[in-house]
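The structure appears below as structure tokens.
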Amino acid sequence: MSGTSDAAVVLKNRFLWFFVWQAILSAIIFILSKYLILSAFTINPFIPSLATFLAFLSFLLSMALFAIPIDLISTPKPCRPASVIEVVVLILRFYFAGSLPPLDRDFRLRLSVSMGIVAIVCATVASGSFAVFSVLVGGYSGSLLESARAVGVRGYGFGLVYGLHYVFRQRWVLAFPITQHPTFFSFKMGIPSTITQALKLSSVAYLFSTALGLLFWAQHKYWCTQWCVIRSVLAEQFVFYTGSFMVILCWELIHHLHKVLRTKRLIFAPPKGSAAAETNPSGPLLAALEESPSGSLMQYLAYLDLSKICETNIETWRRAAFFEETGETYNRIVAACLRPLEQLASKLGEGLSSMDDLYQLSLQLSSPKDIHQNPAIVESFNDFQLYAWCAHSAASLTVHSHKEDRFGVAQLSGSHAAALSTLLSCLLAVETVMGKKTNLQSAMLGHAGIKWAINSSARREIAVAMNKKKDSSLKDSCLYSKAYSLADVFKISIYSIVYEFHEEMERSAKAGLLGKVWLISGKPIYGSHDLLMQKLQLFLDFWA
């Protein structure tokens, strides 16, 4: 792969394969439901007819109507949609003024998310109506219009339920698996959970669509009479539930297939042994990391590829290329890893600084509820997966440089200090959001040659008792899992560096050069130099 253009071609081919395989899955589901499960309730099921062929085409089109919007709206980064009031105000201004006001990038992004939400709900409603009608057509006597009115309304109901569930659970956000498997294996492993999810959703959607159908039939007693004459109520409900389950199962399989294909690792490197692999093996990866739009799928795939290179020993030739003699490649790779982390620390710092002065003074004794209601802080954790990749990649590169950096470019360039300082700043910012005490300890402010004191176990028990109520309120917040998980990611990354360079750090600490060698000389992104020094000493003593 020579650059980002080749990667874009691969992503386009993946979409084409997704569209082809979703049609194959739809055809299989239609055949199974029509000719095996519902054959006893279908008039002449095995005799080819024009109605059956049209129903088959209608089912395929309805599934394509569902597949296209979920691919267009899918994104690896969660984003808050524009509110209804904002959209209404924008429409009114366009109606009365005849032109739209200048929109910033953030609002355009949130507006596109809102439009995507409306599109996916409309697509599931239309797809549900056509798909259920296509599966159940021919199962009841009467005209085609009668079946369309009776079945289509209920299909509209359960399509609406599925669309709302898809929106409120934010299922358009791509979640990358921890372990990458072959495509077929990944798809096969997700089938049991897909069937379970389809059973749950079809049960809820069945109840809602039945209630909606009763309201419709109350105004159309003629059609109700016709249906009751042809089929018993029990058989009618069984047929519709089975048909709706098959449709939702098809939706779930398409969604699972889309997630597998879109989150599959993309290798940003030329083939091993080629001329490009010998001259510039890291060029495509650097281009994707530096040129891809922020929050795009291309950017996430590039960081995923980087994390696999840094954390595993499968492609050691690609990692060895990072430590080339000039050190330019290593510096650019580390800078790409630290850039999202610096943005995280900066956003959290801005969100915390926006609190009033009284809250800043009583932060450790008050509830963190106000923090978790701050939109700036809440949205800072949307890139959790990206932050985890960057932290692990930066730490792994620093660790591997201890043995694989033949030219010493990592140590000479100051990347060790930059990586460690950024990780410590991010950890301090996240711990502040969590409500932990991060201010300097007076007992730790001695001279550099004096070993800093550590809180005793009794003090720790007192601190735990004082923060018990605060931790309880934090667990009830929506950021509990993300904040604690991200703090663990940063701690593991820092500990991996400290463990690898423990002897060197101990010698620097005894010589009074720990902060000078392992931390940046300027002002850190979050916190102070003394605070980072204190935190690093805690890690060095394995007390963090």
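Summary of values
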quantity: F94 being assigned to a helix (DSSP H, G or I), buried (at least 16 other Cβ atoms within 10 Å of the Cβ) and at pLDDT below 85; calculated: no
quantity: For W217: the one exception among (1) in contact with a Pro (Cβ under 7 Å, 6 or more places away or on another chain); (2) modelled with pLDDT under 90; calculated: (1)
quantity: Checklist (1) open to solvent by less than 50 Å² (accessible area, probe 1.4 Å); (2) out of contact with any Cys (no Cβ under 6 Å at 6 or more places or on another chain); (3) modelled with pLDDT of 85 or more applied to L72, failing item; calculated: (1)
quantity: Hey, L61 modelled with pLDDT of 85 or more and either in a loop (DSSP other than H, G, I, E, B) or under 25 Å from V260 (Cβ atoms) (or both) or not; calculated: yes
quantity: Of all residues in region 255-313 being among the hydrophobic types (A, V, I, L, M, F, W, C) and at pLDDT below 90, the one that is most open to solvent (accessible area, probe 1.4 Å); calculated: A275
quantity: Residues within region 324-338 that are charged (D, E, K, R) and assigned to a helix (DSSP H, G or I), tallied; calculated: 2
quantity: Tabulated pairs, region 401-419, first farther than 16 Å from R319 by Cβ, second open to solvent by 30 Å² or more (accessible area, probe 1.4 Å) and assigned to a helix (DSSP H, G or I), C-beta under 6 angstrom, 6+ apart or interchain; calculated: S413/N331
quantity: Any helices (runs of 4 or more DSSP H) falling wholly within region 477-544 and containing at least 1 residues that are under 28 Å from Q385 (Cα atoms) and open to solvent by less than 30 Å² (accessible area, probe 1.4 Å); calculated: 480-500, 514-518, 529-540
quantity: Contacts under 7 angstrom Cβ, first residue in region 265-276 being over 23 Å from Y300 (Cα atoms) and among the aliphatic types (A, V, I, L, M), partner buried (at least 17 other Cβ atoms within 10 Å of the Cβ) and modelled with pLDDT of 85 or more, 6 or more apart; calculated: A276/P270
quantity: All positions within region 145-160 that are closer than 12 Å to S129 by Cα and either crowded, with 23+ Cβ neighbours inside 10 Å or modelled with pLDDT under 80 (or both); calculated: S147, A148, R149, A150, V151, G152, V153, R154, G155, G157, F158, G159
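A quick yes/no check of all residues on (1) surrounded by 14 or more Cβ atoms within 10 Å (Cβ to Cβ); (2) touching a Ser or Thr at 6+ places or on another chain (Cβ under 8 Å):
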| residue | (1), (2) |
| --- | --- |
| S5 | no, no |
| F15 | yes, no |
| I24 | no, no |
| A27 | yes, no |
| S33 | yes, yes |
| S39 | no, no |
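Let's see how each residue does on (1) in contact with a helix residue (DSSP H, G or I) (Cβ under 7 Å, 6 or more places away or on another chain); (2) modelled with pLDDT under 90; (3) hydroxyl-bearing (S, T, Y):
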| residue | (1), (2), (3) |
| --- | --- |
| A345 | yes, no, no |
| G349 | yes, yes, no |
| L352 | yes, yes, no |
| L358 | no, yes, no |
| L361 | no, yes, no |
| I371 | yes, yes, no |
| S380 | yes, yes, yes |
| L386 | yes, no, no |
| H392 | yes, no, no |
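The values are calculated or read from the model by the stated rules, or taken from the named source; none is laboratory data. Since this is a predicted model, take the numbers as computed values, not measurements. All Cβ positions, even for glycine, are placed from backbone atoms using ideal geometry, and neighbour counts span all protein chains on display. Areas reflect the complete protein model, heavy atoms only, side chains present, ligands, DNA and RNA absent. Shrake-Rupley method; radii C 1.70, N 1.55, O 1.52, S 1.80 Å.
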